[in-house]
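Okay, so here's the structure we're looking at.
Any read-out appearing in this document is the output of simple, stated calculations on the displayed coordinates, not a laboratory observation. Just so we're clear, the structure is a prediction, and the values are computed from it rather than from any experiment. Please note: Cβ atoms are built from the backbone with ideal geometry, for glycine as well, and neighbour counts cover all protein chains shown.
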Amino acid sequence: MPNQAVYALNLFDVSNRDEYMAYSRRSAKEVAAHGGRVVALGRFREAVAGEIAPRTVMIVVEWESREAFDSYCNDPALADLHPHRENGTRNYVWHLFDRLDDLRPILKAD
């Protein structure tokens, strides 16, 4: 669905502070320039339910569209930026979710 907002859930552990700092110093500006907005930052507190291995950091970014997300990931001008994220983290989970106003699309009978 073009031009529909998506949320990117980022879960990870920091493995190299200097590398991740090099990424984070520049990434907020670049995310915004490509149509993204950080809507939540968090540090792991506790597992309540589920069987996923906990990660230390959680970031949720709202992107204007999948195309905006792709433009951030594939912009040649950012080729030197993404390796800092990759080299500064481990156990990275990066999932995209369609933005919903409510759960009706999921609960709709087939």
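Quick rundown of the values:
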{"item": "Mean Cβ count within 10 Å, highest first, over the residues of peptides 4-12, 101-109", "result": "4-12, 101-109"}
{"item": "Volume in Å³ per residue [convex hull over Cα atoms, computed for region 55-110]", "result": "126 Å³"}
{"item": "Cβ-based exposure ranking for V57, V39, in which fewest neighbours within 10 Å come first", "result": "V39, V57"}
{"item": "Added length on full extension, which subtracts the Cα-Cα distance from 0.36 nm per residue, A53 to D102", "result": "14.8 nm"}
{"item": "DSSP loop GluC sites (Glu not before Pro) with at most 15 other Cβ within 10 Å: longest gap in the chain", "result": "52-110"}
{"item": "Surface/4 of the Cα convex hull for the chain, nm²", "result": "8.4 nm²"}
{"item": "Exposure proxy ranking, count of Cβ atoms within 10 Å, fewest first, for T56, T89", "result": "T56, T89"}
{"item": "More than 14 angstrom apart: percent of Cα pairs within region 6-51", "result": "65 percent"}
{"item": "Neighbour-count ranking [beta-carbon atoms within 10 angstrom, fewest first] of V61, V48", "result": "V48, V61"}
{"item": "For region 17-75, diffusion coefficient by Stokes-Einstein and Kirkwood Rh (Cα), 37 °C, 0.692 mPa s, µm²/s", "result": "249 µm²/s"}
